[in-house]
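Here's the structure, in structure tokens; my notes come after.
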Amino acid sequence: MTVRPRDVVVAGASAGGVEALRAMVAQLPHDLPAAVLVALHMPSGGTSALPAILDRAGPLPAQAARNGEPLEHGRVYVARPDHHLLVSDGTVALSHGPTENGHRPAINALFRSAAVARGAAVTGVLLSGVLDDGVAGLQAIAGRGGRVVIQDPRDALYPSMPEHALQALTPDHVVAAAGIGEVLAKLTLEQAETASEPAPESLRWENEIASARRFGEGMSPLGGPSEFACPDCHGVLADIDHGVRYRCRVGHAWTAEALVAAQGDAVEHALWTGMRALEEKASLCRRLAALAWERRSDQIAERYEAQARETIEAAEVLRRQVLDRG
């Protein structure tokens, strides 16, 4: 056993997370003896205003993370769009590895990397958001002896992520966002006993995938093939956690909750595509019918008009399906 300070804080958020992160960093002490790394779900294109928002919100300087820079106490490192933010020994790492739950940056990727690199020295914080990204990462942190802090779902604008975390594990603290800074100030003063043995193979394996150091080959150690296809690349998903989490051959990761949501999006897309194709067919049939009437080809015109009516009826069925889903 090695004793070391709890000097790495990793925080993840999704919808409603900007407000929660602002409240958290506002209460951090100016001399926090830990580095803070933040992953927020964001669109892949463009830039993020989050570093500037957090820099103004509290006493600690916040900046967009740069690959390879050292982790320093009293600083906030923010994930960049379309990059996983990872902890690698004593440095920050950015990766363009496969998406997780459709996100890059992904909360699970950050939490998992911290658990692998720093073990019990890590404190994981999960804030407002939808679905369940971050839950598996918190379990990895807890399994390595780290601390777990969850925003009180009653305080979260979107309580789904905190609620899923509370169903999956027992945290050290459940607190409103405005109180998390005070909790972290106390936790980072603790000394943690870190085990000398490496992280479990499955944890290291997934971390290598997120780090873009491993793709595709030898997915079998993570689990056998499932009956589901990856929404991103349509490859077969491997069941890596007894029906709770899945990965495809190239590394895209999905929780069951996120997979259901992605499949729902795919169904809706298919319905809209089908409705568009039917309406275009009906329009074309009407044009052909009009041309046939002009040429006095009555039977042909009637056949095209019948096809147009049947096609419009089918489009209306799909339209009702789309509206019912809405």
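Explain nothing, just compute: Karplus ³J(HN,Hα) = 6.51 cos²θ - 1.76 cosθ + 1.60, θ = phi - 60°, for every residue of region 311-317 in order, whole Hz, x for Gly and Pro.
Those phi angles translate into 5, 5, 4, 5, 5, 5, 4 Hz.
Where Rh denotes the Kirkwood radius from the mean inverse Cα pair distance, what is Rg over Rh for the chain?
Ratio value, two decimals: 1.16.
So what are region 58-113's ellipsoid semi-axes, whole angstrom, largest first, if each one is the square root of 5 times an eigenvalue of the alpha-carbon gyration tensor?
Listed largest to smallest, the semi-axes of region 58-113 are 20, 12, 9 Å.
Leaving ligands and nucleic acids out of the surface, order 158, 304 by accessible area at 1.4 Å, largest first.
Ranked list, largest accessible area first: 158, 304.
In square nanometres, what is one fourth of the surface area of the convex hull spanned by the alpha carbons of region 98-217?
Details: hull surface 30.6 nm².
Averaged projected area of region 98-217's Cα convex hull equals 7.7 nm².
Using Cα springs under 10 Å in a Gaussian network model of the chain, which residue among 297, 211, 196 shows the largest mean-square fluctuation?
Per the Cα network of the chain with a 10 Å cutoff, 297 tops the list.
Considering the zone a paramagnetic label at residue 191 would reach in this model (a point 7 Å from Cα along the Cα-to-Cβ line), which residues of region 1-36 have amide N under 16 Å from it?
1-7
Leaving out ligands, DNA and RNA, what percent of the accessible area of the chain is carbon and sulfur, probe 1.4 Å?
51
Quick one: pull the percentage of alpha-carbon pairs in region 203-326 with a separation above 17 Å.
Roughly 67 percent, rounded to a whole number.
With label points built 7 Å along Cα→Cβ from the Cα atoms of residue 297 and residue 267, find their separation and express it in nm.
4.2
Please give the direction-averaged projected area of the C-alpha convex hull for region 133-184, in square nanometres with one decimal.
With every direction weighted equally, the projected area is 3.4 nm².
Within a Cβ distance under 12 Å of residue 273, other residues only, what is the Lys/Arg minus Asp/Glu net charge?
Value of the local net charge: -2.
Please provide three numbers in whole Å: the alpha-carbon extents of region 260-324 along the principal axes, with the largest listed first.
53, 14, 12
Suppose each label sits 7 Å from its Cα in the direction of the beta carbon; what would the residue 47-residue 202 distance come out to in nanometres?
Result: 4.2 nm between the two label points.
Given R₀ = 30 Å, FRET efficiency for residue 317-residue 232 by Cβ-Cβ distance, to 0.05?
Numbers: r = 30 Å, r/R0 = 0.99.
After rounding, the FRET efficiency stands at 0.50.
Which value, in Å² and to the nearest 10, is the accessible area of residue 324 when all protein chains are kept and the probe is 1.4 Å?
Ignoring ligands and nucleic acids, residue 324 comes out at about 120 Å².
Between region 272-326 and region 168-199, how many Å separate their Cα centres?
If we compute the Cα centre of each part, the gap is 62 Å.
Could you rank 303, 296, 204 by how accessible they are, 1.4 Å probe, largest area first?
Highest to lowest solvent-accessible surface, that is 296, 303, 204.
The values are calculated or read from the model by the stated rules, or taken from the named source; none is laboratory data. Everything numeric in this text was worked out from a predicted model, so none of it was measured. In this analysis, Cβ positions are derived from the backbone assuming ideal geometry, glycine residues included, and neighbour counts consider all displayed protein chains. Just the protein is used for accessible areas: all its heavy atoms, side chains included, with ligands, DNA and RNA removed. Shrake-Rupley method; radii C 1.70, N 1.55, O 1.52, S 1.80 Å.
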